[in-house]
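Below is one structure, written out as structure tokens, with a few remarks after it.
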Amino acid sequence: MRLDEEGIVRWGVRIGETVRTPVFLGLQGELGAGKSVLARAIGEGAGVSGHMPSPSFNLVFRYPARPDIEVVHMDLYRVARPGDLAELGWSELGQPNEIVLVEWPERAGDLLPRDHWLIRLSVPPARPDLRDVSVSRVGAPPELAGFPMSVWGT
Ligand SMILES: Nc1ncnc2c1ncn2[C@@H]1O[C@H](COP(=O)(O)OP(=O)(O)O)[C@@H](O)[C@H]1O
Ligand SMILES: [Mg+2]
């Protein structure tokens, strides 16, 4: 599926509004692919108020969202080895109230939770305004708005 930025944001907001917790979403794609744009939209839909800065340097930010929901936004780009995740509180993630959004989830290797979504964003050739989006379900995470893709673009 191919979406413009407005479409990505609209989809993310719907995910944040509707997803059940705990849920873990890995956001994949090169620098500038739109992982943080999507993470912010999911946070907005979940009720995070105010700005969600990029976690590129702090690696993890937590936000209170709608009642009883917390959004955890992480960026693992600088994580050299999965073993380094312990310092980020990795083993505590997945609490019943948490929406966990992880950029560069591949850095976590085998430490990814059994049940999660992977959303991959990429820039189509010669279309810097669009993103190809692919979604894969690993294990049995809670339903995701707009998946399967038939309802996308509405
Ligand atoms: N269709 C699109 N979807 C998402 N972002 C887009 C799109 N088109 C252009 N952009 C731009 O691409 C950039 C994505 O940046 P960001 O989300 O920080 O990337 P990442 O976190 O993957 O490194 C933003 O500047 C955004 O405005
Ligand atoms: Mg980012």
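Bear in mind that the values in this text are calculations on the coordinates, not laboratory data. If you're wondering where the values come from, they're calculated on a predicted model, not measured in any experiment. When we count neighbours, we look across all protein chains shown, and the Cβ atoms used for this are built from the backbone with ideal geometry, even at glycine.
Quick notes on this one:
- FRET efficiency, 1/(1 + (r/R0)^6) with R0 22 Å, evaluated for R20 and R78 via beta carbons: 0.10
- Considering only G32, G12, G47, the Gaussian network model of the chain with Cα springs below 10 Å gives its largest mean-square fluctuation to G32.
- Antiparallel DSSP beta bridges within region 2-140, percent to nearest 5: 50
- Report summary: the helix-based calculation at 222 nm, which adds -39500 (n - 2.57) for every DSSP H run with n ≥ 4 and divides by the residues of the chain, gives -5500 deg cm²/dmol.
- Rg over Rh [alpha-carbon atoms, Kirkwood Rh] for the chain: 0.93
- Our summary gives the chain a relative contact order of 33 percent, counting only alpha carbon pairs under 8 angstrom and 6 or more residues apart.
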